[in-house]
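Please read the structure below before turning to the comments.
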Amino acid sequence: QVHLVESGGGLVQAGGSLRLSCAASGRFFSSYAMGWFRQAPGKEREFVGRISSGGGTKYYADSVKGRFTTSRDNAKKTVYLQMNSLKPEDTAVYYCAADNGWGPATDSSEYDYWGQGTQVTVSS
């Protein structure tokens with residue numbers, strides 16, 4: 001069982017930066033790959049990025065590639081999403097999720113545990 005709590009969301013102007021954190025509790029955090037998803041009002045939840053259990057492999061959606069970076073600190077049981085050059089279309093609730101599978105895992109159904117989400121709002 002893994003319990004996830006996101007933090008770091010807020011209001012930022014276009015072109016600004018935010019860093020989201022996702023703190024985990026429970027055993028075996030280091031064995032889980034971690035994903036980031038987002039959901040804007042009236043839209044489906046979409047994949048943002050993913051980092052392997054050891055941190056060596058990362059995947060990103062095309063819409064955020066080059067602007068967002070995910071990292072993790074297994075000793076602190078925390079995963080991060082650094083978001084730079086933010087755009088109004090990045091406005092959404094951002095979720096972290098845990099999965100003990102392999103590969104890109106861009107489908108939300110592949111994830112076993114979810115956080116409650118944190119709101120990111122980018123003003124123009």
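The values are calculated or read from the model by the stated rules, or taken from the named source; none is laboratory data. Everything numeric in this text was worked out from a predicted model, so none of it was measured. Here the Cβ is made from the backbone with ideal geometry for all residues, glycine too, and neighbour counts use every protein chain on show. Accessible surface is based on the protein model in full, side chains and every heavy atom, while ligands, DNA and RNA are left aside. Shrake-Rupley method; radii C 1.70, N 1.55, O 1.52, S 1.80 Å.
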The stretch 101-124: number of residues that are of a type in the set (Gly, Ala, Ser) and closer than 23 Å to HIS3 by Cβ: 6
Across the stretch 8-43, which residue is modelled with the highest pLDDT among those that are surrounded by fewer than 16 Cβ atoms within 10 Å (Cβ to Cβ) and closer than 18 Å to TYR113 by Cα? GLN39
Residue list for the stretch 48-63, filter: touching a strand residue (DSSP E or B) at 6+ places or on another chain (Cβ under 6 Å) and either surrounded by 17 or more Cβ atoms within 10 Å (Cβ to Cβ) or farther than 24 Å from SER25 by Cα (or both): VAL48, GLY49, ARG50, ILE51, SER53, TYR59, TYR60, ALA61
Filtering the stretch 83-124 for residues that are of a type outside the set (Gly, Ala, Ser) and under 18 Å from ALA24 (Cβ atoms) leaves a count of 12
Of all residues being touching a strand residue (DSSP E or B) at 6+ places or on another chain (Cβ under 7 Å) and open to solvent by 10 Å² or more (accessible area, probe 1.4 Å) in the stretch 102-114, which is nearest to GLY9 (Cα to Cα)? Just the residue, please. TRP114
Within the set of pairs 6 or more residues apart or between chains, which connect a residue that is aromatic (Phe, Trp, Tyr) inside the stretch 32-48 to a residue that is not in a strand (DSSP E or B) with Cβ atoms less than 7 Å apart? TYR32/VAL2; TYR32/SER53; TYR32/ASN100; PHE37/ARG45; PHE37/SER108; PHE47/ALA61; PHE47/THR106
Inter-residue pairs, beta-carbon under 8 Å, first surrounded by fewer than 17 Cβ atoms within 10 Å (Cβ to Cβ) and in the stretch 65-91, second part of a loop (DSSP other than H, G, I, E, B) and basic (Lys, Arg), 6+ apart: ASN84/ARG67; SER85/ARG67
